[in-house]
Structures are given as structure tokens and as C-alpha cells.
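Reading through the C-alpha cells given below for one structure.
The values are calculated or read from the model by the stated rules, or taken from the named source; none is laboratory data. In this text the structure is predicted, and so the values were computed from the model without any measurement. Please note: Cβ atoms are built from the backbone with ideal geometry, for glycine as well, and neighbour counts cover all protein chains shown.
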Amino acid sequence: MLCDQTSACMNSVFVSDTRLEAHLEQVHARWQALRASIDLQARSGRVQAEMDPDAFDRMMTAASRAKSGGQRVLWLHRAADVVAGAVSRAKASACTKGCDHCCHIPVTVSRAEAVHLAAVSGKRMATAPAHAVRVSQELEQLQGDGYLEGTGRGRWEHHIGEACPFLSHGECTVWAARPLACRYHYSIDKDNLLCQLLPDKQAVEVPQLNVLAFTAMSWRILGLNQEAADIRDWFSDEA
Ligand code: SF4
């Protein structure tokens, strides 16, 4: 989710019309190859092998015992960083500096995380964000989507192609405080071919690390009854 201001980052985030046909052929070929191989299972397996479950459990336990929403967010971020360490050691993800496609798709943020982001960034958050739902509703949708190979776009797909308000010149300005949705978003492909956005918001499956169980645990600790909204609706200029 970081970009180093290459020309690809500064131009439109959508695949251009002139490249579209060739791009779709590559996408088709990539999925055929992935389905015919065990690469995705192998990468997931490597992450699992690199996980430190005791460290993860310690962070989750601390989160569940924390006295305030802010402390819960911090412990849950640390738990997510344990997973990040495993992904990095396993060399299992295409996500790398110089790529910010996923900063242009919907990003679900709970109220507790929005409060944390507002405190860290000094940006004003909406008191009643547009299109908000309960965290429980968002979790139900995620669980019904088939997370591993889903597009992961969910109910806020009208934001596809719109930069996250915390993305500046291709870099995340709140990296240490970025929400769980960003921390738990990993393509386990070999590069970002499938992450590139298509015109007219057509969906492409991206093979993601299946972290649904971690997301569900985290949201339960934060509180299923609170609101969730897209990051752009929490931090729109009108907020
Ligand atoms: S907070 Fe925004 S800019 Fe930062 S990683 Fe998440 S989507 Fe990208």
C-alpha cells in the first residue's frame, strides 16, 4: 500500500482502454495458471508456518482486556503486525512499496478505528458517516462473500477508483495507524497484475490471504454493534 511516485502511480488508477484487451488476456491466463497449480495453497501454508501463534494470542488477549476503545485498537494493530511479520518472512505476498491499488478500493473502518485515525492525523471525522452500517452487518457480508478469492469490495463499491483521504503522493500518511482493513489485506499472487483496477469498476478476483477469522475476532473485540463505514465517508472534506 505504498507508492514511490512512479508515473504509474500518478496516472489514472484504472487500466487504460488501449491496454484493456491485452490486460484481460493476461488476467485470464494468470487465473488459469493459479487454478492449475498449488501456488496459492503453498503461499498460505508458508504464512501459517511462519506465524507466532503465542504472540498473536497475547496481543488479542490484551486487546480483549483493554479498558478503552483506543487501547483495544492499538493491541489489535499489534496482533495484525504479528501476521504481517509472518507474511513478510514467508515472502508470500505481492504487496510491496510502490503499489497503492488497494488504497483506491473500499476500506471498511469501524468507529473505534476512525476515532484513532482522527486523533493521530488531526483530520476531522464525520459524526454520522454516509452509508454506515453496523460492524456485525459488514462481518456477515464478508463471511458470505467467499473471502479467499472474493473481490473484497463489499457494499461501498461506489468508492472504487477514489483515493483514500490518507494517501498523499502515493504514500500512506498514517501508516502506523492504518486500519485493520489495510493491515489484513494481502494479495498472495506473485505480482499486482490482478490488483489493477478495470474501467467501469468491473471486478477482478484477487487471491487474498484468508484472514477472515482474524478480522472477525478483531471486530468482535472492538464491538459488533458500532458503526462501520468506508474510510472516505468517515473523512470526507465535508466532515
Ligand atoms: S489508510 Fe488509506 S492510504 Fe493508508 S494504507 Fe490504508 S487505504 Fe492506503
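For region 173-215, the set of residues classified as within 14 Å of the ligand (Cβ to nearest atom), in a strand (DSSP E or B) and within 13 Å of the chain's Cα centre (by Cα) consists of Ser187 only.
The set of residues from region 187-221 being farther than 16 Å from Glu162 by Cα, of a type in the set (A, V, I, L, M) and in contact (Cβ under 8 Å) with a residue 24 or more places away in the chain comprises Ile188, Leu193, Leu194, Val204, Val206, Leu209, Val211, Leu212, Ala216, Met217, Ile221.
Residue-wise test of (1) in contact with a Leu (Cβ under 8 Å, 6 or more places away or on another chain); (2) β-branched (Val, Ile, Thr); (3) surrounded by 15 or more Cβ atoms within 10 Å (Cβ to Cβ).
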site	(1), (2), (3)
Cys164	no, no, yes
Pro179	yes, no, yes
Tyr186	yes, no, yes
Cys195	no, no, yes
Val204	yes, yes, yes
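Whether a residue is part of a helix (DSSP H, G or I) and away from the ligand (no atom under 15 Å from the Cβ) was assessed, and Trp156 does not pass this test. Among the residues of this structure, Leu224 counts as one that is buried (at least 17 other Cβ atoms within 10 Å of the Cβ), away from the ligand (no atom under 15 Å from the Cβ) and either free of Cβ contacts under 8 Å to residues at least 12 places away in the same chain or assigned to a loop (DSSP other than H, G, I, E, B) (or both). A search for C-beta distances below 7 Å between a residue of region 9-20 that is surrounded by fewer than 17 Cβ atoms within 10 Å (Cβ to Cβ) and any residue that is at pLDDT 70 or above and in a helix (DSSP H, G or I), counting only pairs 6+ apart in sequence or on different chains, returns Asp17/Pro199; Leu20/Pro199. Of the residues in region 121-136, at least one is outside any loop (DSSP other than H, G, I, E, B), out of contact with any His (no Cβ under 8 Å at 6 or more places or on another chain) and within 15 Å of the ligand (Cβ to nearest atom).
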